[in-house]
Amino acid sequence: MQVRSDWTLAEVQQLFAQPFMDLLFTAQQVHRRFHTPNTMQVSTLLSIKTGACPEDCAYCPQSIRYETGLESEELLELDAVVERASAAKRAGATRFCMGAAYRSPKPKDLRKVIAMIRAVKQLGLETCATLGMVSGEQARELAAAGLDYYNHNLDTSADYYKKIITTRTYQDRLDTLQAVREAGMSVCCGGIIGMGEQAEDRAELLHTLATLPVHPESVPINQLVRVPGTPLNNAPPLDPFDFVRTIAVARILMPRAHVRLSAGRGEMSDELQALCFLAGANSIFYGEKLLTTGNPDTASDRALFDRLRIVAEPPASAQSGASAQSSAAAQPPAAAQPLAAAAVLSIAKHGAAMG
């Protein structure tokens with residue numbers, strides 16, 4: 001199966017329109033072609049600087065514009081971050097993600113974050129950071145410090161984006177992704193589902209991601225967590241099957257990526273999470289909190305993994321995330337290979353019908 005960056009929006013919409021069972025069947029076959037079945041990449045996310053963000057993202061309790069009861073916290077000290085990273089490693093995480101509520105980091109803060117990155121790397125963990133917009137120079141500094149992944153989500157479609165955020169443009173986000181890629185880091189980029197968007201917006205979001213020159217190595221799919229005080233607190237409930245569909249289409253479009261079942265997992269049943277894994281999600285955040293919102297505790301996750309016979313994925317090699325994943329994709333498990341042909345035929349059939 002060829003990895004494509006030339007998907008048309010019509011093709012993406014056609015995938016979303018498939019019968020649910022057919023879509024999951026195709027997604028699981030694609031998943032087995034490129035990834036080891038029944039394994040899960042495990043990350044832990046720590047808020048290293050909380051609240052007082054000047055942006056107006058309608059979903060975010062960290063915006064200074066909304067009264068959510070969140071107490072702002074200054075940038076954590078290095079020792080505290082290392083302690084939390086060490087605990088995450090003991091709990092089974094292989095990647096440690098550091099999030100700071102910035103529009104864009106100031107030079108003095110970036111120096112402190114760089115020290116954190118180096119210290120976490122010394123623990124043998126992969127590193128990821130989300131610090132808002134970064135320039136090309138800042139991205140190169142982060143890469144030089146050894147940062148493996150930079151997270152910067154597109155959130156939604158370009159059209160619907162204007163209803164969610166007004167303090168930065170969609171192009172601003174794309175520019176940051178380009179700076180990260182040009183600096184040699186792996187990209188972590190996805191979106192949030194359930195913000196009142198339409199099915200067309202989900203298709204357009206995934207189309208944008210899947211037609212980047214290089215697919216993101218990590219694609220977090222978040223379900224909106226409604227926080228009192230934010231404009232989206234009363235957003236209409238999302239049909240869980242629509243969420244699973246988004247996971248499945250992301251898996252088909254970006255077969256080498258780790259698709260992460262991200263925010264909102266604390267509100268999902270074990271059965272819904274299992275359905276997301278079947279659809280191709282093979283990464284989660286491990287720990288009781290995602291920045292400022294709840295998440296299943298590690299004991300619950302371990303119990304679910306045991307019930308599903310899922311094991312944690314080992315850490316990637318010392319190569320860059322992109323190279324490591326390309327190598328893994330070139331050597332799929334032997335048991336998965338017979339399924340690959342069916343996946344290719346299925347996708348080719350739908351492509352022909354749309355052509």
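The values are calculated or read from the model by the stated rules, or taken from the named source; none is laboratory data. Since the structure is predicted, the reported quantities are computational estimates derived from the model, not experimental observations. Every residue, glycine as well, gets a Cβ built from its backbone with ideal geometry; the counts of neighbours run over all protein chains shown.
Structure summary
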item	result
Count of the range 1-17 residues which are among the polar types (S, T, N, Q) and either in contact with a Ser or Thr (Cβ under 8 Å, 6 or more places away or on another chain) or at pLDDT below 95 (or both)	2
Check on THR50, in contact (Cβ under 8 Å) with a residue 60 or more places away in the chain, under 30 Å from VAL311 (Cα atoms) and not aliphatic (A, V, I, L, M)	no
Unmet criterion (only one of (1) in contact with a strand residue (DSSP E or B) (Cβ under 8 Å, 6 or more places away or on another chain); (2) of a type in the set (A, V, I, L, M); (3) in a helix (DSSP H, G or I)) for ALA129	(3)
Leading residue by the ranking (modelled with the highest pLDDT) among those in the range 274-309 that are among the small types (Gly, Ala, Ser) and closer than 21 Å to GLY99 by Cβ	ALA281
Which listed residue is among the polar types (S, T, N, Q) and more than 30 Å from SER300 (Cα to Cα), from GLN28, GLN14	GLN14
Unique residue being modelled with pLDDT under 90, buried (at least 22 other Cβ atoms within 10 Å of the Cβ), within 24 Å of VAL259 (Cα to Cα) and under 22 Å from the mean Cα position of the chain (by Cα) when the list is ALA91, ALA101	ALA101
Every residue from the range 136-147 that is surrounded by fewer than 23 Cβ atoms within 10 Å (Cβ to Cβ) and in a loop (DSSP other than H, G, I, E, B)	ALA145, GLY146
Number of the condition not met by ARG256 [criteria: (1) within 14 Å of the chain's Cα centre (by Cα); (2) assigned to a loop (DSSP other than H, G, I, E, B); (3) buried (at least 23 other Cβ atoms within 10 Å of the Cβ)]	(3)
Residue count, the range 156-178 (criterion: within 14 Å of the chain's Cα centre (by Cα) and within 14 Å of PRO216 (Cα to Cα))	1
